[in-house]
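Below: one structure, written as structure tokens.
The values are calculated or read from the model by the stated rules, or taken from the named source; none is laboratory data. As the structure is a computational prediction, the values presented were derived from the model and not from experiment. For neighbour counting, all protein chains shown are included, and Cβ atoms are generated from backbone atoms with ideal geometry for every residue, glycine included. For accessibility, only protein heavy atoms count, side chains too; no ligands or nucleic acids. Shrake-Rupley method; radii C 1.70, N 1.55, O 1.52, S 1.80 Å.
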Protein chains: 2
Amino acid sequence: MEIWQYLINAVQKAGADHVFGIQGDYVLNFFSRAHKSSLKVVNMCDEQGAGFAADGYARINGFGAVCATYGPGCLKLVNPTAQAYAELSPVLVISGVPGVSERGGDPLLHHKVKSFDTQLNVFKEMTCAQAQLSDAKTAAEEIDRVIAAVKRSKRPGYIELPRDMVNAETVVCPKYPEQEKPVDKEALDRAVDRAVGILSKAQKPVISVGMEVHRFGFQKIVLELIERSGFPFVTGVLSKSVITEFHPQFCGVYAGAMSPEPVQQLVEGADGIIAVGPLLSDLATGIFNFDIDIRKTIVPLSERVIIGGKEFYEAGIGSFVPALTEKADLFKKPDTVFEKNKTDVFVPVSGQKITMKRLIAALNGFLDGNMIVVADAGDAMFAGLDLVLAREAGFLSPAYYASTGFAVPAAVGAKAAAPDKRVIVLEGDGSFQMTGMEISTAAGLGHNTVVIILNNGGYGTFRKIIDGPYNDLHNWNYAGVPEALNSGKGFAVRTEDDLISALFRVKDHPDEMAVIEVVLDRMDFSERSLLLTSRIKSGIK
Amino acid sequence: MEIWQYLINAVQKAGADHVFGIQGDYVLNFFSRAHKSSLKVVNMCDEQGAGFAADGYARINGFGAVCATYGPGCLKLVNPTAQAYAELSPVLVISGVPGVSERGGDPLLHHKVKSFDTQLNVFKEMTCAQAQLSDAKTAAEEIDRVIAAVKRSKRPGYIELPRDMVNAETVVCPKYPEQEKPVDKEALDRAVDRAVGILSKAQKPVISVGMEVHRFGFQKIVLELIERSGFPFVTGVLSKSVITEFHPQFCGVYAGAMSPEPVQQLVEGADGIIAVGPLLSDLATGIFNFDIDIRKTIVPLSERVIIGGKEFYEAGIGSFVPALTEKADLFKKPDTVFEKNKTDVFVPVSGQKITMKRLIAALNGFLDGNMIVVADAGDAMFAGLDLVLAREAGFLSPAYYASTGFAVPAAVGAKAAAPDKRVIVLEGDGSFQMTGMEISTAAGLGHNTVVIILNNGGYGTFRKIIDGPYNDLHNWNYAGVPEALNSGKGFAVRTEDDLISALFRVKDHPDEMAVIEVVLDRMDFSERSLLLTSRIKSGIK
């Protein structure tokens, strides 16, 4: 089989039916072949956007791919790929590179930096596996090796395809199904017994659902543990909506000092915590301001379990959680009735200036189970934590690596992965100025995405830390951008009634792209953002 | 002295009075101090734009600086920095990073990828020197070391400033002026004699002026050699306009197979060539299709000289060229009268559809010595080679690394470096979709830049290689973008009279930003581009 064909088949078998990217002469042959295959090739405005789109796609679909040319194409993917690495998004980076036969004498081919391996060396820093397909014979094997690593670790992988190898014949070997690691039953029992020991004494237990539950697809077994135990559960910044927020046992999004008071009390006052698959980053915990007794904590991770501080490497979420659930009778509680913050019906006050708080209230009335929210870094994400979402994994956000400019291109990927859903983007004006032009890509694909721009005239989050003119932006007529880019309708919202009329209009036109500019006061922040920035300002404790 | 103060002073002493970037919490303290200093801090829409702006600035000014936050800020600078490395643009990258005191126990601070050194490892691949200012005592010395390397090699350098070191006291040591490498007079004489041997026998000699002449500031001594020898001279893709194109001995831009016939004959038919400071890249030579007798070639480079294939490491342009000029009487020729392509006066044909060829003709009437042209990769650059420029180094283009999206942000940097000039951007619609939003930065600074978009509906250059729908772009109403971004006036040009009226309008409003969309046929290419793409298509010889 020719290498291009094998690579396309492998990407499809891994689960992606889209690839995002921009062509260039080193990748043009592969690109044109991908285009003629059943893979859908999506051209973006900029490679940065393609990287974010593949990430958004992978977060929903479980595997994503991006394809770009050597040098100026692929090196624009560095930042999105770093984010995918940091936040466990399985994206395969495919780069067309100079042909093997072109490299003799180390010539100055265009796009080259220090050496032909510069790009490989860079991507080693943000991928879990790499391959240069310079030997046709082993190319198929190399492709399989990288994709398997991506699927297993949920981190990006990197493949270089020299342009003179695209049509070379590779050797396809028979595949043996990967051996599952056998479970060490005895060690597992010991771990479960230890956990039961903690939980059976707990009066105020809680389950915290972390990011790995989503990335490794453990929602079902975790939900079973929740329901069989009767424990209340929370999610985190990185795992918001991994289990539906309409679930009766759901109590809110815990984020250390950034949490609403009752959620913070529930978690930090607990005497037995099952924290499944967390990533304990600073933003997820309100700059490490959490106060949890490690001796009463059970932390199942994808490849180990930590119980009361002791690590068990013989078990992971996949084996431990079902085994624990089986013993639920020994520690279960009656279903908790937890006093949640109710979302009130939003009644607009005519002529009343719109605020962040009221915007979120209005969106809680607007959102339905058919929608996915993509929130950019900054207050879009912090405020977005207070949205109540019916749909599982209906909230995507770069909550750890926090690259601004993620949301609009990620929405292109999200919509491609879930074509029957409507994607709602929530982002700041600063983010929109970075990558907002990708509404053009969305429009070109016929997407019905809704982009809500929180226009506070600059980088609001920083104003609470150190303010200066560098936090202000040259203002755009954001509502006019869609028309200039032939990409949907634009709306400018200044009052509560403006907002409701824009949202109604959007709901009434389910096939139409829309950009809603929400003009906010320059010092209007979400509660959660105020908590976070005051902690950053006061320094790390 | 505190580190921030020393760093700002050092950047200014190196020659930059601007720094381009976007803040973030790891760099916010330094950013705010830079803002209060006499350094001008320019916020861009996206860090990618900041990288290109610093490059554009450095190409004109001789030194540039860019400043961004750890992770998602700085990793967006990878591609622009790679280009600056490849094309010898001396840019200092300053990154605010997590504090030294925050790193104990290797916590998951936001923006981190694999380790705290991920970013440093990446930038090692595209900078000539690096420093982490984690020791206050040596910080000043480290800053000096990196900046000296940047100034010497004309390549980017990289400095990490941990946020808890910004206000730390550093030790300022007395500086000794750098010792100039003493010239080995005997070796130099041998080299010059050998060169004179070749040149005195030459009947049809020529001088080719390369990129290093500009980057290392050797224009004056090279001009003297040209004038004293009487030889005709050419420039290249990377060195176009390094010496004024109005000079009587200037014969055109040589680019291998991409050259106009008479220029190609002049260079390839020569029997004595002085090629000063070239970068022999594939694009600069029409995919290595040059046919030059190495035995008759003298190549002075910044740090060595190659004469008839023999290398002299004891001399460089700086010592060799003046020594050769001194002996000019031994090989001089009467001033060559070379038949140049005349630029005719452009007389618009009313209602006539505009073409690439006629656009260039019209621009040759429009351009004056008060303008700088920034041409993006692709046909903007190839066609731009036929512009005739009065001003020295009045043409900036990423002619080797060829990153699309360079032009608009680089124009922001160029204008900052040469505030009394007007910058004319020439780029494709594909490039404008990548970074065109930086017209907002230009407008915010009150620039009077003119952006000319060659709208052929997609990535035209690739259409001649392998065509497919991936070469087409979702069309924008480009002339409407300035209004949506509050950034100047927009014009749509379809005919020759449209063009002339737009150019007149622009000339009559010397303080106004403008975007001129030139609607071209989808298969309308410059002659040079046709030559290049046909060679790419036919493969490397």
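What relative contact order, as a whole-number percentage, does chain A give when Cα pairs under 8 Å and 6 or more residues apart are counted?
The value is 13 percent.
Report the FRET efficiency, 1/(1 + (r/R0)^6), for A:Phe504 and B:Phe504, where r is their Cβ-Cβ distance and R0 is 30 Å, rounded to 0.05.
So, using R0 = 30 Å, E works out to roughly 0.05.
Evaluate segment B:419-541: find the radius of gyration of its Cα atoms, find its Kirkwood radius, and give the ratio Rg to Rh.
That ratio equals 1.03.
Tell me the net charge near B:Pro205. Cut-off is 11 Å between Cβ atoms, B:Pro205 excluded, with +1 for each Lys or Arg and -1 for each Asp or Glu.
Details: positive: B:Lys201, B:Lys204, B:Lys296, B:Lys332, B:Lys333; negative: B:Asp271.
Combined, the nearby Lys, Arg, Asp and Glu give +4.
Set the Förster radius R0 to 60 Å, insert the Cβ-Cβ distance between B:Val349 and A:Leu108 as r into 1/(1 + (r/R0)^6), and round the FRET efficiency to 0.05.
Result of the calculation: an efficiency of 0.90.
Using Stokes-Einstein with the Kirkwood hydrodynamic radius over Cα pairs, what translational diffusion coefficient do you get for segment A:447-492 at 20 °C and a viscosity of 1.002 mPa s, in µm²/s rounded to a whole number?
Numbers: Rh = 12.3 Å.
In µm²/s, the coefficient rounds to 174.
Looking at the protein assembly as shown only, what percent of DSSP beta bridges run antiparallel? Nearest 5 please.
Within the protein assembly as shown, antiparallel bridges account for around 15 percent of the total.
Please compute, for peptide B:465-475, the average count of beta-carbon atoms on other protein chains lying within 10 Å of each residue's beta-carbon.
6
For B:Lys421, go through the lysines and keep the ones whose alpha-carbon is under 22 Å away, minus same-chain ones fewer than eight residues off.
Of all the lysines, those that pass the test against B:Lys421 - Cα under 22 Å, at least 8 places apart if same chain - are B:Lys40, B:Lys220, B:Lys240, B:Lys489, B:Lys507.
Quick query: amide H of B:Leu396 versus all other amide H atoms, modeled in the peptide plane; which residues come in under 5 Å with a sequence gap of 5 or more or a different chain?
Placed amide hydrogens put B:Val373, B:Val374, B:Ala375 under 5 Å from B:Leu396.
With a 1.4 Å probe and every protein chain left in place, work out the accessible area per residue of chain A in Å², rounded to a whole number.
Result: 35 Å² per residue.
Provide the FRET efficiency to the nearest 0.05 for the A:Ile294-A:Lys357 pair, computing r from the beta carbons and using R0 = 30 Å.
Details: r = 36 Å, r/R0 = 1.19.
Efficiency at R0 = 30 Å is approximately 0.25.
So the label point sits 7 Å from Cα along the Cα-to-Cβ vector; using that for A:Lys185, what distances do you get to the other copies, in nanometres, sorted shortest first?
For A:Lys185, the inter-copy label distances come out at 9.3 nm.
At a probe size of 1.4 Å, how large is the accessible area of B:Val113, to the nearest 10 Å²?
20 Å²
Calculate the spin-label point distance for B:Val171 paired with B:Ser38, positioning each point 7 Å from the Cα along the beta-carbon direction, and give it in nanometres.
If labels sit at B:Ser38 and B:Val171, their model points lie 2.9 nm apart.
What net charge is computed for the residues neighbouring B:Leu7, neighbours being all others with C-beta under 11 Å from the C-beta of B:Leu7, Lys and Arg scored +1, Asp and Glu -1? Before the final figure, lay out each step's value.
Numbers: positive: B:Lys13, B:Arg33; negative: B:Glu2, B:Glu142, B:Asp144.
That works out to -1.
Can you pull the accessible area of B:Arg522 for me, 1.4 Å probe, Å² to the nearest 10?
Roughly 100 Å² of B:Arg522 is accessible to a 1.4 Å probe.
Amide H of A:Val97: which non-local residues (sequence gap of 5 or more, or other chain) have their own amide H closer than 5 Å, using H built in the peptide plane?
A:Leu161, A:Arg163
Using protein heavy atoms only (no ligands, DNA or RNA), what is the total accessible area buried between B and A, 1.4 Å probe, nearest 100 Å²? Provide the component values of the computation, followed by the final result.
Details: alone 22170 and 22160 Å², together 37820 Å².
Chains B and A together bury roughly 6500 Å² of accessible area.
Evaluate the relative contact order of segment A:460-541 (contact order divided by residue number), counting alpha-carbon pairs under 8 angstrom at least 6 apart; express in whole percent.
Once normalised by length, the contact order is 36 percent.
Quick check on chain A: of the DSSP beta bridges with both residues there, what percent are antiparallel, nearest 5%?
Bridges in chain A are about 15 percent antiparallel.
Of the peptides B:523-530, B:463-470, how do they stack up when ordered by the mean number of other Cβ atoms within 10 Å, highest first?
Details: B:523-530: 19.2, B:463-470: 16.9.
Peptide ranking by packing, descending: B:523-530, B:463-470.
Using modelled backbone amide H atoms (1.01 Å from N, in-plane), which distant-in-sequence or interchain residues come within less than 5 Å of A:His18's amide H?
Close amide H contacts, sequence-distant or interchain: A:Lys40.
Explain nothing, just compute: Karplus ³J(HN,Hα) = 6.51 cos²θ - 1.76 cosθ + 1.60, θ = phi - 60°, for every residue of segment B:466-483 in order, whole Hz, x for Gly and Pro.
9, 9, x, x, 5, 8, 9, 10, 4, 6, 9, 8, 4, 5, x, 5, x, 5
Is there a simple number for the mean count of other chain Cβ atoms within 10 Å of the Cβ of residues in B:430-438, and what is it?
Working: counts 4, 1, 2, 11, 9, 4, 2, 9, 1.
Per-residue shielding by partner chains comes out at 5.
To the nearest whole number, what is the average tally of beta carbon atoms from other chains within 10 Å of the beta carbons of peptide B:62-74?
On the way: counts 0, 0, 0, 0, 0, 0, 0, 1, 0, 7, 13, 3, 2.
Partner-chain Cβ atoms within 10 Å, mean over residues of B:62-74: 2.
Charges only on Cβ, +1 for Lys and Arg, -1 for Asp and Glu: so what's the dipole of the protein assembly as shown about the Cα centre, in debye to the nearest 20?
760 debye
Using 7 Å Cα-to-Cβ label points, what is the A:Glu311/A:Glu512 separation (nm, one decimal)?
Modelled inter-label distance: 5.6 nm.
Please give the contour-minus-distance gain from B:His247 to B:Asp335: 0.36 nm per residue of separation, less the Cα-Cα distance, rounded to one decimal in nm.
30.5 nm
Output, in nm with one decimal and in ascending order, the distances from the B:Gly351 label point to the matching label points of the other copies (7 Å from Cα along Cα-to-Cβ).
5.7
Rg over Rh of chain B, using C-alpha atoms and the Kirkwood radius, what does it come to?
0.99
Measuring from the lowest to the highest alpha carbon on each principal axis, how far does segment B:56-167 reach, largest first, in angstroms?
Each principal axis gives a Cα extent; for segment B:56-167 these are 43, 29, 19 Å.
With a cut-off of at most 15 other beta carbons within 10 Å, and DSSP calling the residue loop, which GluC sites (Glu not before Pro) in segment B:160-214 qualify? Please list them.
For GluC sites (Glu not before Pro) across segment B:160-214 that sit outside H, G, I, E and B with at most 15 neighbouring Cβ atoms in 10 Å, the list reads B:Glu178, B:Glu180.
Before anything else, pin down the relative contact order of segment A:65-123: Cα pairs under 8 Å, at least 6 apart, normalised by residue count, whole percent.
49 percent
May I ask for the Rg/Rh ratio of segment A:77-231, computed from Cα atoms with Rh as the Kirkwood radius, given to two decimals?
Reported Rg/Rh (Cα atoms, Kirkwood Rh): 1.16.
Cα gyration tensor of segment B:1-93, axes a ≥ b ≥ c as square roots of the eigenvalues: rounded (a/c below 1.5), prolate (a/b > b/c) or oblate?
Because a/c hits 1.5 or more and a/b fails to exceed b/c, segment B:1-93 counts as oblate.
For segment B:240-279, max minus min Cα coordinate along each principal axis, in Å, sorted largest first?
For segment B:240-279, the Cα extents along the three principal axes come out at 23, 21, 18 Å.
With every protein chain left in place, what is the accessible area of B:Asp386 in Å² (1.4 Å probe, nearest 10)?
Counting only protein heavy atoms, the figure is 70 Å².
Could you give, in nm with one decimal, how far A:Gln5 is from each other copy of that position, shortest first, with labels 7 Å out from Cα toward Cβ?
The projected label point of A:Gln5 is separated from its counterparts by 7.1 nm.
Within the P(r) computed for segment A:350-481, what percentage of the Cα pairs occupies the region above 20 Å? Can you show the working numbers first?
Numbers: 3839 of 8646 pairs.
Looking at segment A:350-481, the distances longer than 20 Å represent 44 percent of pairs.
Convex hull over the alpha-carbon atoms of the protein assembly as shown: what's its volume per residue in Å³?
For the protein assembly as shown, the hull spanned by Cα atoms encloses 161 Å³ per residue.
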